[in-house]
1. At a 1.4 Å probe, what is the % contribution of carbon and sulfur to the accessible area of the chain?
2. How large is the accessible surface per residue of the range 30-149, computed with a 1.4 Å probe and reported in Å² as a whole number?
3. For the range 347-492, build the charge dipole from Cβ charges (+1 Lys, Arg; -1 Asp, Glu) around the Cα centre, then report which of 492, 475, 388 sits farthest towards its positive end.
4. With +1 on each Lys and Arg Cβ and -1 on each Asp and Glu Cβ, how big is the dipole of the range 299-413 about its Cα centre, in debye rounded to the nearest 20?
5. Only residues of the range 407-445 count here: report those whose backbone N is under 18 Å from the spot 7 Å along Cα→Cβ of residue 570, or say none.
6. Assigning unit charges at the beta carbon (Lys, Arg +1; Asp, Glu -1) and nothing else, what dipole magnitude in debye, to the nearest 20, does the range 41-101 show about its Cα centre?
7. Just to check I understand the Karplus step: with θ = phi - 60° and J = 6.51 cos²θ - 1.76 cosθ + 1.60, what whole-Hz values come out for the range 557-569, glycine and proline as x?
8. Whole Å is fine, so just give me how far the alpha carbon centre of the range 561-596 lies from that of the range 283-325.
Amino acid sequence: MENFNTDNAETIEHYEGMGATCYPDGVYYRVWAPHAESVSVTGTFNDWNETANMLQAEENGYWGALVENSKEGDEYKFLLKTPAGDLHRNDPYALKMTNSAGNCIVYNHASFDWQDTTFQIPSWHEIVIYELHVGTFHVKDKDQVGTFYTAIEKLPYLKEMGFNAIELMPCAEFPGSHSWGYNPANPFSIEADYGGPDGLKAFVKAAHEAGLAVILDVVYNHFGPSDLDLWQFDGWSENDGGGIYFYNDWKAETPWGSTRPDYGRGEVRQYIRDNALMWLKDYRVDGLRMDMVPYIRNVKADGNPGNDIPEGISLMQWINSDIRQQYPNCITIAEDMHSLDFITNSVENGGLGYGSQWDAEFGHTVRDAIITQQDGDRDMEKVADAISSRFNSDYFQRIIYTESHDEVANGQARVAEEIADGDVNNWYSKKRAALGVALVLTSPGIPMIFQGQPLLEDKWFSDSDPIDWSRLEKFSGFANLHRDMIHLRRNWFGVTKGLQGQNVELIRVDNEKKIIAMHRWSEGGPKDSVIVVLNFSIETFDDYKIGFPRGGTWNLRFNSDNEDYDPDFSHIGIKDIETFEGEMDNHPFHGSLQIPPYTALIFSQEA
């Protein structure tokens with residue numbers, strides 16, 4: 001927060017920060033309420049006395065005061081006397097709440113012991129993300145939600161599987177106990193039922209100790225809409241709008257209510273920017289994923305220039321620039337879903353400056369290809385386009401997936417459920433779901449797996465339907481299939497470096513037989529070049545010839561038809577390939593493959 005120039009400048013300069021900030025001589029309370037006639041802070045430290053601790057007027061509508069007998073753990077609210085009446089308000093910058101409709105709690109970031117844990121997020125080409133919803137990830141008691149602490153207990157599973165990054169769905173305080181998290185009531189506070197700010201820090205610390213980065217989902221396209229003390233915060237509004245924190249005209253409208261923040265107002269811009277930087281500084285998260293960016297840059301998210309919000313665009317550029325400058329290793333991810341280079345182009349080049357973005361086209365295309373019932377209706381050309389699509393000539397500017405919280409809800413279900421309604425434990429579901437995962441983990445991009453996906457979870461995602469961990473034993477082979485592919489994607493054994501490379505060549509796109517073969521490489525050569533073969537049909541091919549970039553033996557690294565993954569699988573094609581001279585597919589060598597139905601094969605060379 002910038003310093004304020006007032007007659008009391010020395011005092012105010014000494015006490016920086018918004019909300020309740022702990023100092024050795026007390027707690028300094030500061031709030032922005034430009035239309036208030038007076039402001040006081042009430043709380044457990046003054047028996048909720050409404051006049052005992054009046055805040056002094058600072059510049060530009062800010063109010064502040066030091067309360068010497070206040071300390072961490074105190075509950076508090078602000079009392080604003082305004083032309084609209086007396087308003088008891090929760091602190092917009094509150095770091096901790098009793099609950100979303102309760103009281104603020106003074107919290108000191110410095111009180112958490114990080115024990116000098118040092119961690120750096122892996123290079124982006126090495127990242128494999130696991131998307132996690134804290135409330136349903138690991139629920140131990142039937143009538144309770146999952147917490148950061150119960151989630152910590154499952155970190156060894158994620159590490160063993162090979163994940164090295166976790167994306168947490170939003171954890172800011174929301175109404176009630178069950179929510180996806182995309183309805184933040186108190187954007188700076190951590191959901192009390194999840195474990196509050198200490199819980200999130202404990203989770204990040206434990207994740208880092210296990211070698212897992214943490215990426216946090218944040219929501220800046222709207223706030224609320226319920227339990228929202230930000231609404232008409234100091235009594236002022238226009239057109240029955242939200243007041244000082246929101247647009248009060250047509251630009252307020254979003255699909256989630258008329259609660260779009262006013263990106264053009266300096267104090268609101270600072271509020272959102274402070275929030276974004278807080279996660280990286282005080283919670284040591286390694287990146288941010290921003291929810292539905294189209295509604296930050298455009299009122300209708302329809303691309304119509306007349307609906308553009310230039311100040312929303314400049315705000316995202318400011319935040320991304322500050323993050324890139326202050327936390328150069330951290331990643332910012334946009335959920336934009338419009339496949340635009342502009343989103344991940346640098347701010348210097350006129351882009352929004354995100355590090356990467358969700359590639360919706362990849363997800364939709366691959367889901368369609370594996371969910372479609374009839375083999376003849378699968379379009380290999382579209383799948384090939386999805387594999388080779390990229391932004392600004394950089395494949396790692398996209399996050400690729402077949403399941404996410406959005407893709408397996410809102411009228412859609414898990415991939416395996418879509419394939420066989422009500423019976424995910426059948427051959428077709430398992431074979432084609434595995435094929436989709438293989439595409440995610442072998443195509444160029446940053447791969448993401450949704451919670452429960454390796455457990456062959458059925459139905460769809462709901463904030464009241466926790467992960468059934470008994471499925472880990474029941475479908476242990478299917479989980480191991482994911483593990484083995486993740487290990488290859490991360491070059492765990494030093495023989496599949498090409499899966500982390502920028503290069504892909506589609507050797508064969510056979511729409512008649514529904515086969516795709518691709519060459520993935522970084523520098524190329526033994527232990528680098530990888531050949532991936534994908535069969536999207538029910539046919540078994542015993543002598544399917546394709547071109548290879550080098551001669552010699554190509555070792556089978558993975559076969560999704562391996563009976564170790566499921567007793568229903570046929571266990572054919574479990575063999576290495578010898579290649580021979582003779583041009584095919586514009587390559588000097590060729591080999592003959594046995595390809596099981598709905599199967600992915602992965603090959604590389606030792607020498």
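1. On the way: 9580 of 22150 Å².
Carbon and sulfur: 43 percent of the exposed surface of the chain.
2. Working: 5290 Å² over 120 residues.
Each residue of the range 30-149 exposes 44 Å² on average to a 1.4 Å probe.
3. The residue sitting most towards the positive pole is 492.
4. Computed about the Cα centre, the dipole is about 260 debye.
5. What the label zone holds, given the 18 Å backbone N cut-off, is 426-436.
6. 180 debye
7. 9, 7, 9, 5, 8, 4, 5, 5, 7, 5, x, 7, 6
8. Centre-to-centre distance over Cα atoms comes out at 46 Å.
The values are calculated or read from the model by the stated rules, or taken from the named source; none is laboratory data. Predicted model, so just to flag it, every value in this text is computed and none were measured. Counting neighbours? That spans all protein chains shown, and the Cβs are built from the backbone with ideal geometry, glycine included. These accessible areas exclude ligands, DNA and RNA; they are computed on the full protein's heavy atoms, side chains included. Shrake-Rupley method; radii C 1.70, N 1.55, O 1.52, S 1.80 Å.
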